[in-house]
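Asks: Structure incoming, see below.
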């Protein structure tokens, strides 16, 4: 992006522009909170997104919760192309008989149903959450979901998502890593934190994006971050 | 402690014993979750305590909430001598008309009333929390507290406590720091995190103890930590 801009623009100008454009894009399309940093020479700006609690569903489970023939409606696009926050939300019911309402389903539908919540949510609901990469449900607890058309109890699929970074081939080459490697994410600011063990998740079509959960986003107060770096 | 033990005990034995003793002590006396690490040569083992949300009150405010003449009853001792979790709890009412019940008052009473909650709690209640050291209420928001004898609205005093470490003269000498300096806390484990900007808080009578909040404790999954270090 920077290479096509007018040479009258200084590096700080370019960086400010990149931030502004991404901010608009994320503001229109984000789910949860985020921050953006740019780095000279990097193929893509570093976007860190705080994933609010959310649910992924199969088409079959969607119909149990919302009625036969229901399709996920798009509320807004997410940063990764094709992903979206849907119009549908569910209520989670945990073993302590406490509930968390208004938990959004992210689309499109998947071939598994999965609930991604923070440890704070887990303590509140009474679930001992395993730290997992999306789709790995070995040893994970279940939960009950309530929708307007019915309740659904899944036996597995509640996780705390392991912190990770989505990378394309270009991003992996720049950072010198491969799929499954780990990086550190250093957040500088009033509540500075370095997160270890950020898993690299490769897909040819993704844009560079870090996902952390709300506990992590709050621990580092991401919104007040002055600098963000991926380091080996 | 280690110096008075039988010479038949190896260093790992001693460390295991120290952990066990501290675990019992904290288990009997802790408020919230914690982890302990020992380090050869250090004057005190490193205790990291996750401060659950809590309240400090003046005697006057205690009586508004619980009735004239009420004294704080001790539920259990905390790690620092003289500090205790009281039998009394209040309900917090935030600007989004949401509540958090069962928030414990820590004793003894102080010369100010203060509510310490996490950013997660702040988002839930609708409060934009400043990061503060205990007692610094400049620019802090207020809140309403409900007790069995009445409601109390304070205009200031709701904070997110800045991560800090309590140290005696001996601890400061060992780590080579002084009151107000900053250290890093490195947590090794499945959700490894290095926290920057841990403020050193000196008092001649304290025992070495780190305080982080629930967002921070959950971000690093303190309970699964395999090693904890204070580094400069």
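Asks: Does residue A:140 satisfy being closer than 22 Å to residue A:96 by Cα and part of a strand (DSSP E or B)?
Replies: The answer is no for residue A:140.
Asks: Additional query: Residues in the stretch A:201-217 that are over 16 Å from residue A:47 (Cα atoms) and buried (at least 19 other Cβ atoms within 10 Å of the Cβ): how many?
Replies: Here the count works out to 1.
Asks: Ok, one more. Among the residues of the stretch B:206-232 satisfying the criterion of being within 14 Å of chain A (Cβ to nearest Cβ) and part of a loop (DSSP other than H, G, I, E, B), which is farthest from residue A:131 (Cα to Cα)?
Replies: Here the answer is B:226.
Asks: Checking residue A:188 against (1) in contact (Cβ under 8 Å) with a residue 40 or more places away in the chain; (2) on the phi > 0 side of the Ramachandran plot: exactly one of these is not met. Which one?
Replies: (2)
Asks: Of all residues in the stretch B:79-88, which are touching a strand residue (DSSP E or B) at 6+ places or on another chain (Cβ under 6 Å) and either surrounded by fewer than 19 Cβ atoms within 10 Å (Cβ to Cβ) or over 26 Å from residue B:183 (Cβ atoms) (or both)?
Replies: Those that are touching a strand residue (DSSP E or B) at 6+ places or on another chain (Cβ under 6 Å) and either surrounded by fewer than 19 Cβ atoms within 10 Å (Cβ to Cβ) or over 26 Å from residue B:183 (Cβ atoms) (or both): B:84, B:85, B:86, B:87, B:88.
Asks: Is there a residue being closer than 25 Å to residue A:221 by Cα and surrounded by fewer than 18 Cβ atoms within 10 Å (Cβ to Cβ) anywhere in the stretch A:155-165?
Replies: Taking every residue of the stretch A:155-165 in turn, none turns out to be closer than 25 Å to residue A:221 by Cα and surrounded by fewer than 18 Cβ atoms within 10 Å (Cβ to Cβ).
Asks: Okay, next question. Can you tell me which residue among B:203, B:164 is within 18 Å of the chain's Cα centre (by Cα) and within 14 Å of another protein chain (Cβ to nearest Cβ)?
Replies: Of the residues listed, the single one that is within 18 Å of the chain's Cα centre (by Cα) and within 14 Å of another protein chain (Cβ to nearest Cβ) is B:164.
Asks: Which members of the stretch A:218-232 meet the condition of being surrounded by fewer than 21 Cβ atoms within 10 Å (Cβ to Cβ) and more than 25 Å from residue A:120 (Cβ to Cβ)?
Replies: A:226, A:227, A:229, A:231, A:232
Asks: Quick one: residue A:133 ticks every box in (1) at pLDDT 95 or above; (2) over 24 Å from residue B:121 (Cβ atoms); (3) surrounded by fewer than 16 Cβ atoms within 10 Å (Cβ to Cβ); (4) within 14 Å of another protein chain (Cβ to nearest Cβ) bar one, so which box is it?
Replies: Checking residue A:133 against (1) at pLDDT 95 or above; (2) over 24 Å from residue B:121 (Cβ atoms); (3) surrounded by fewer than 16 Cβ atoms within 10 Å (Cβ to Cβ); (4) within 14 Å of another protein chain (Cβ to nearest Cβ), the one that fails is (1).
Asks: Would a scan of the stretch A:59-78 turn up a residue that is at pLDDT below 95, outside any strand (DSSP E or B) and surrounded by 13 or more Cβ atoms within 10 Å (Cβ to Cβ)?
Replies: The answer is yes; a qualifying residue exists.
Asks: Got a number for residues in the stretch A:111-133 being in contact (Cβ under 8 Å) with a residue 40 or more places away in the chain and either out of contact with any strand residue (DSSP E or B) (no Cβ under 7 Å at 6 or more places or on another chain) or part of a loop (DSSP other than H, G, I, E, B) (or both)? Reasoning before the result, please.
Replies: Of the stretch A:111-133, the ones in contact (Cβ under 8 Å) with a residue 40 or more places away in the chain are A:111-121, A:133.
Imposing the further condition that a residue be either out of contact with any strand residue (DSSP E or B) (no Cβ under 7 Å at 6 or more places or on another chain) or part of a loop (DSSP other than H, G, I, E, B) (or both) reduces the set to A:111-113, A:117-118, A:120, A:133.
So the count comes out to 7.
Asks: Does the stretch B:136-149 include one or more residues that are under 21 Å from the mean Cα position of the chain (by Cα), under 22 Å from residue A:190 (Cβ atoms) and within 13 Å of chain A (Cβ to nearest Cβ)?
Replies: No: zero hits.
Asks: Kindly provide the set of residues from the stretch B:101-130 that are within 14 Å of chain A (Cβ to nearest Cβ) and over 27 Å from residue B:82 (Cβ atoms), ordered by number.
Replies: Of everything in the stretch B:101-130, those that are within 14 Å of chain A (Cβ to nearest Cβ) and over 27 Å from residue B:82 (Cβ atoms) turn out to be B:101, B:119, B:120, B:122, B:123, B:124, B:125, B:127, B:128, B:129, B:130.
Asks: Looking only at residues in the stretch B:189-200 that are more than 8 Å from every other protein chain (Cβ to nearest Cβ) and at pLDDT 95 or above, which one is surrounded by the fewest Cβ atoms within 10 Å (Cβ to Cβ)? Spell out how you get there, then give the answer.
Replies: Taking the stretch B:189-200 and keeping what is more than 8 Å from every other protein chain (Cβ to nearest Cβ), we get B:189, B:198-200.
Filter once more, so that each one left must be at pLDDT 95 or above: B:198-200.
Numbers: B:198: 21, B:199: 16, B:200: 19.
If we take residues in the stretch B:189-200 being more than 8 Å from every other protein chain (Cβ to nearest Cβ) and at pLDDT 95 or above, then B:199 is surrounded by the fewest Cβ atoms within 10 Å (Cβ to Cβ).
Asks: Among residues belonging to the stretch B:173-188 that are more than 9 Å from chain A (Cβ to nearest Cβ) and closer than 18 Å to residue B:49 by Cα, point out the one that is surrounded by the fewest Cβ atoms within 10 Å (Cβ to Cβ). Even if it seems obvious, please write down each step before you answer.
Replies: Initially, the stretch B:173-188 is screened for residues more than 9 Å from chain A (Cβ to nearest Cβ), giving B:173-183, B:185.
With closer than 18 Å to residue B:49 by Cα added as a condition, the list becomes B:182-183, B:185.
Values: B:182: 16, B:183: 23, B:185: 23.
This residue is B:182.
The values are calculated or read from the model by the stated rules, or taken from the named source; none is laboratory data. No experiment lies behind these values; they were computed from the predicted model shown. When we count neighbours, we look across all protein chains shown, and the Cβ atoms used for this are built from the backbone with ideal geometry, even at glycine.
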